[in-house]
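Student: Can you keep this structure in mind? I'll have questions shortly.
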Amino acid sequence: MKTVVKTVCDSESACIRCNWCAPVCPVALSPLRLFALAQDAKWRAAEKENIASCLHCRRCDDICPAALPLSAVFARAKSEIKKEERARAEAQRLKARYDAHLLRLHTPPSLAKTNPAALAAAAQKSLHNL
Ligand code: SF4
Ligand code: SF4
């Protein structure tokens, strides 16, 4: 559920889909769509909708008849997206480190001094056989 929205907005009001927010956005975002995606924590989709370019100008807040704190929700969503990106990068870093460790572990010492291509191929082969 609506984790991000809940943490920045305790209001009971909901989007009435009037779409007044779209024409006032200086960077041509759809606050309506972004709000719906943030409600469902659909970060990838929000990224594709270009949430990163939100300027937090609050023009959408000002015009929203439901008084939704759109800009604050988008700021929070961006921070969640960054958190996820950092977690993904860290997971990739650890995976690369682990792969390098396995590579060292399964490299025959006799190959260690020969050409790097043969060494890499042998290590890859042994990795696939794990
Ligand atoms: S202005 Fe507010 S109520 Fe209207 S569509 Fe945008 S977010 Fe929804
Ligand atoms: S706060 Fe973001 S989404 Fe809202 S009008 Fe400004 S740039 Fe557009």
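Every number here is computed from the coordinates shown, using simple stated rules; none is lab data. Because the structure is predicted, anything quoted here is derived from the model rather than measured. Here the Cβ is made from the backbone with ideal geometry for all residues, glycine too, and neighbour counts use every protein chain on show.
Student: When the chain is fully extended, how far beyond the present Cα-Cα distance does ALA66 get from THR107, taking 0.36 nm per residue of separation?
Tutor: 8.4 nm
Student: While we're here: Once both labels are modelled 7 Å past Cα along the beta-carbon direction, what's the ARG58-VAL27 spacing in nm?
Tutor: With each label point 7 Å from Cα toward Cβ, the separation is 1.7 nm.
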